[in-house]
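Heads up: the structure comes next, in structure tokens.
The values are calculated or read from the model by the stated rules, or taken from the named source; none is laboratory data. Here the structure is a predicted model, which means the values were calculated and not measured. Glycine also receives a Cβ, built like all others from the backbone with ideal geometry; neighbour counts cover every protein chain displayed. Protein only, heavy atoms only, side chains kept; ligands, DNA and RNA dropped before computing areas. Shrake-Rupley method; radii C 1.70, N 1.55, O 1.52, S 1.80 Å.
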Amino acid sequence: MSGSVPDPLDVPPDPAGPLQPRSGRRGSGFLTEPLRLGTTPSATVGPYLAIGLTWADGAWAAAEGTPGGFWLRGRVLDGAGDVVTDAMVETWQADPDGRFPSPEDPRGPSSYPGFRGYARASTLSGEFAVHTLRPGRLPDGRGGLQAPHVDVSVFARGLLDRVVTRVYLADETEANAEDAVLRSLPEDRRATLLATPAEDGYRFDVHLQGDRETVFFAV
Amino acid sequence: MTGTTSERGLRLPRYLREDAAQRTPVGFPGYRSTALRAPLRTPVDLPHRLTEVTGPVLGEDRVRPGDADLTLRNGGEAIGQRILVHGRVLDSDGRPVPGALVEVWQANAAGRYRHVVDNWPAPLDPHFDGLGRVVTDSLGRYEFLTVKPGAYPWSNHHNAWRPAHIHFSLFGRAFTQRLVTQMYFPDDPLFGQDPIYNSIPAAARHRAVSRFSLERTQDDWALAFEWDVVLRGSEQTPFETDDDGDVA
Ligand SMILES: [Fe+2]
């Protein structure tokens with residue numbers, strides 16, 4: 001995609017290349033600095049997001065009837081413990097083989113039958129619901145494996161930017177114990193990222209504030 | 001069964017972390033609804049791994065014929081000042097983002113949204129639903145035809161009015177690039193009293209404001225406003241590899 005307009009600075013990486021030593025210089029590097037544009041600032045989705053962002057097929061990260069499909073459901077709660085009914089929850093995740101239906105996956109895009117990997121759902125009914133598959137494990141860049149996880153964005157009136165979290169599955173005990181991101185968190189905070197098994201899938205509540213405030217990530 | 005991948009040595013782009021002084025905070029005291037919603041703890045830095053540097057492919061299949069013309073709905077023409085909104089979607093390296101889905105929604109010319117929650121006494125327009133969708137072309141360009149949205153009151157504070165704006169939702173190539181924002185119009189006298197506009201750090205506010213475009217304004221037809229959207233770019237220097245997450 002970036003190749004549609006030639007960029008003299010866009011030298012393709014050698015996929016087989018070994019780890020190279022750091023230059024000692026953090027940040028963007030002088031080669032690209034002069035071309036840097038300021039990013040567009042975010043703004044809240046506001047209360048009328050349903051006009052622009054409703055998709056009839058939004059909930060289906062995995063198509064209906066896909067073997068192994070389950071529902072990930074949950075609520076979004078505010079600092080008073082009230083259920084937020086005007087939020088949108090978006091999910092993005094790997095397929096059960098640990099691949100992504102995305103050309104940006106350097107291992108090549110996958111096409112797992114029935115799998116879009118992405119879903120969006122409103123909380124109008126009091127909870128969001130996304131139909132998906134159990135994500136596979138992924139390399140963590142340090143020789144280890146990440147535990148199965150779903151990246152989540154929450155948008156709502158009263159949030160000027162999205163908030164981002166990750167859903168892990170509580171019954172993936174072994175994988176979770178090895179996950180670098182989970183391990184980097186204080187033990188009492190990890191639980192806020194665990195979806196618990198439910199009748200037709202998993203449950204995951206997002207606590208925007210409070211004692212049980214979900215761990216949110218800066219991406 | 002849980003699959004695994006064990007490939008080593010893959011080089012991933014590292015998306016640039018934005019300068020906090022240039023980006024909109026999640027919460028802002030003047031915007032009351034943020035008080036119970038914006039998280040209070042400092043977010044944890046998430047390394048950019050495969051999940052973060054990939055993203056869904058959403059293109060022409062999400063767009064129906066007519067989605068780029070908001071002025072013609074239900075068999076008639078919307079009332080209001082007809083405007084062409086156009087621009088490019090770029091990343092912060094200046095590279096166009098082709099094939100990017102852009103979803104927009106807005107109030108009608110009277111400042112009313114077609115939504116059950118919006119019931120202030122301004123008229124609905126039977127020929128305006130306020131929804132548009134376009135996909136950027138090979139040069140990252142987009143355009144859609146609409147009517148200029150009106151300002152509208154909201155109950156944030158006494159006599160609070162939102163400056164005219166169009167809501168934008170964009171996907172780039174990666175989860176890190178996801179952006180939902182609002183486009184404003186130049187020199188709006190309502191800017192000064194609007195906490196949503198003013199929550200943007202002063203240095204970055206101008207990036208949320210479109211430019212009147214006489215070049216694209218069409219005689220006897222429509223005014224034009226130009227607005228480029230810049231998504232986060234990634235580190236592309238081939239010699240700098242990050243042991244914190246560039247390699248997966
Ligand atoms: Fe609005």
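Somewhere in the stretch A:153-172, is a residue touching a helix residue (DSSP H, G or I) at 6+ places or on another chain (Cβ under 8 Å) and either surrounded by fewer than 15 Cβ atoms within 10 Å (Cβ to Cβ) or at pLDDT below 95 (or both)?
Scanning the stretch A:153-172 turns up no residue that is touching a helix residue (DSSP H, G or I) at 6+ places or on another chain (Cβ under 8 Å) and either surrounded by fewer than 15 Cβ atoms within 10 Å (Cβ to Cβ) or at pLDDT below 95 (or both).
Please verify whether B:V180 is within 11 Å of another protein chain (Cβ to nearest Cβ) and assigned to a loop (DSSP other than H, G, I, E, B), treating the condition exactly as stated.
In short, no.
Collect the residues in the stretch B:137-149 that are within 26 Å of B:R114 (Cβ to Cβ) and polar (S, T, N, Q), keeping them in residue-number order.
Residue satisfying the conditions is B:T146 alone.
Which condition does B:A38 not pass, out of (1) assigned to a loop (DSSP other than H, G, I, E, B); (2) more than 7 Å from chain A (Cβ to nearest Cβ); (3) small (G, A, S), if it passes all the others?
Among (1) assigned to a loop (DSSP other than H, G, I, E, B); (2) more than 7 Å from chain A (Cβ to nearest Cβ); (3) small (G, A, S), the lone unmet condition for B:A38 is (2).
Any idea which of (1) under 24 Å from A:D179 (Cβ atoms); (2) in contact (Cβ under 8 Å) with a residue 12 or more places away in the chain is the one A:D105 doesn't satisfy?
Exception for A:D105: condition (2).
For the stretch B:203-214, which residues satisfy the criterion of being within 11 Å of chain A (Cβ to nearest Cβ) and either of a type in the set (A, V, I, L, M, F, W, C) or exposed (fewer than 14 other Cβ atoms within 10 Å of the Cβ) (or both)?
If the condition is that a residue be within 11 Å of chain A (Cβ to nearest Cβ) and either of a type in the set (A, V, I, L, M, F, W, C) or exposed (fewer than 14 other Cβ atoms within 10 Å of the Cβ) (or both), then B:A203, B:A204, B:H206, B:A208, B:V209 are the ones that fit.
Spot the failing condition for A:D188; the list is (1) in contact (Cβ under 8 Å) with a residue 60 or more places away in the chain; (2) loosely packed, with under 15 Cβ neighbours inside 10 Å, and only one is missed.
(1)
Output yes when any residue across the stretch A:49-61 is part of a strand (DSSP E or B), more than 11 Å from chain B (Cβ to nearest Cβ) and open to solvent by less than 20 Å² (accessible area, probe 1.4 Å), and no when none is.
So far as the stretch A:49-61 goes, no, none of its residues is part of a strand (DSSP E or B), more than 11 Å from chain B (Cβ to nearest Cβ) and open to solvent by less than 20 Å² (accessible area, probe 1.4 Å).
Taking only pairs six or more apart or across chains, which ones have beta-carbon atoms under 8 Å, a first residue in the stretch B:115-132 that is away from chain A (no Cβ under 12 Å), and a second residue that is open to solvent by 80 Å² or more (accessible area, probe 1.4 Å)?
B:L124/B:R114; B:D125/B:I79; B:P126/B:N74; B:H127/B:L72; B:H127/B:N74; B:H127/B:G75; B:H127/B:E77; B:H127/B:I79
Looking at (1) at the interface with chain B (Cβ under 10 Å from one of its Cβ atoms); (2) touching a helix residue (DSSP H, G or I) at 6+ places or on another chain (Cβ under 8 Å); (3) under 25 Å from B:P25 (Cα atoms); (4) open to solvent by 30 Å² or more (accessible area, probe 1.4 Å), can you tell me which one A:R142 breaks?
It fails just one condition, (3).
A:R107 versus (1) more than 16 Å from the ligand (Cβ to nearest atom); (2) over 16 Å from A:V206 (Cα atoms); (3) more than 7 Å from chain B (Cβ to nearest Cβ); (4) surrounded by fewer than 18 Cβ atoms within 10 Å (Cβ to Cβ): which is the lone unmet condition?
(3)
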